[in-house]
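The block underneath contains the structure these notes are about, expressed in structure tokens.
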Amino acid sequence: MFQIIIFGPPGVGKGTQAESISKKLNLRHISTGEILRKAVSDETELGLKAKEIMDRGNLVPDEIMNGIVKETLANIDGNGFILDGFPRTLNQAIALTEIFKNLNFNDVKVITLTADDEEITQRLLKRGRSDDTRDTILNRLKVYYNSTSPVKEYYEKLGINIDINGVGEADKINEMILNKLI
Ligand code: ADP
């Protein structure tokens, strides 16, 4: 069973790569960003709470996100999953380790996509999602460096992180990721 986390800064291509890999390996693609955007468009209680936070480029509180992921992973079957957009804080990473332990998921691999700030900012500006304005992008990068990047060290220490250069042709990057997984 594939147990994959795809990690990296906003706009590095996690969503694109996760989508393609999940199709090729027949995995469940769990995108916390997508789960939240659906909640916003469905105007659920979660969505109403999350909208403003996301529009500013801030993080939805850990307790909420940890609960969503715990419930989603408890229902995984088949070939496995690729987790995209979570964990985004050390607290989330520690909670996830506990979730994995309880579910007996003990073959987890982390794929970290890398790219420099300039590349990322340009890509996000091009993408033009509602949370892709310049101010929000700058804040998301700040949040990434302050709160999210320590997660990479956490997985490096656990010895399960694999770095992949996220700059280049999407198909080539996809191939490099698949080579590390199978
Ligand atoms: P990107 O593609 O830029 O990495 P995502 O689609 O993963 O962005 O997430 C969009 C927004 O949803 C984030 O900026 C954040 O506000 C919220 N979000 C998604 N995942 C999480 C998470 N694990 N913890 C907190 N907030 C999250």
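Using DSSP loop states and a limit of at most 15 other Cβ atoms within 10 Å to flag GluC sites (Glu not before Pro), what is the longest stretch of the chain containing no flagged site? Longest gap between qualifying sites, sites excluded: 44-168. Taking amide hydrogens as placed 1.01 Å from N in the peptide plane, the amide H of L27 sits under 5 Å from that of no residue at least 5 positions away in sequence or on another chain.
Distance between the pseudo-spin-label points of K172 and E153 (7 Å out from Cα toward the beta carbon): 3.2 nm. Dipole size of the chain about its Cα centre, with +1 on Lys/Arg Cβ and -1 on Asp/Glu Cβ: approximately 120 debye, rounded to the nearest 20. In this rough spin-label picture, where each label sits 7 Å from Cα along the Cβ direction, the K101-R127 distance is 3.3 nm. Looking at this model, which pairs from K49/K109; K49/K126; K101/K142; K14/K172 are more than 22 angstrom apart at the alpha-carbon? From K49/K109; K49/K126; K101/K142; K14/K172, over 22 Å: K49/K109; K49/K126; K101/K142. Computed from phi, the 3J(HN,Hα) profile of region 2-18 under the Karplus parametrisation 6.51, -1.76, 1.60 (θ = phi - 60°) reads 6, 10, 10, 10, 10, 10, x, x, x, x, 7, x, 4, x, 4, 5, 5 Hz, with x in place of Gly and Pro. Over all pairs of different C-alpha atoms, the chain has a mean inverse distance whose reciprocal, the Kirkwood radius, equals 16.6 Å.
Stretching the chain fully between E63 and K142 yields a gain of 26.3 nm (0.36 nm per residue, less the alpha carbon separation).
Rounded to whole numbers, the Karplus 3J(HN,Hα) couplings from phi for region 109-119 are 10, 10, 9, 9, 8, 10, 6, 7, 3, 4, 4 Hz, using 6.51 cos²θ - 1.76 cosθ + 1.60 with θ = phi - 60°, and x at Gly and Pro. Amide hydrogen proximity for T112: with H placed 1.01 Å from N in the peptide plane, the residues at 5 or more positions away or on another chain lying under 5 Å are F7, I162, D163, I164.
Just so you know, all these numbers are worked out from the coordinates, no wet-lab data involved. What you see is a predicted model, and the numbers here were worked out from it, not measured in a lab. Cβ coordinates were reconstructed from backbone atoms using ideal geometry, including for glycine residues, and neighbour counts include every protein chain displayed.
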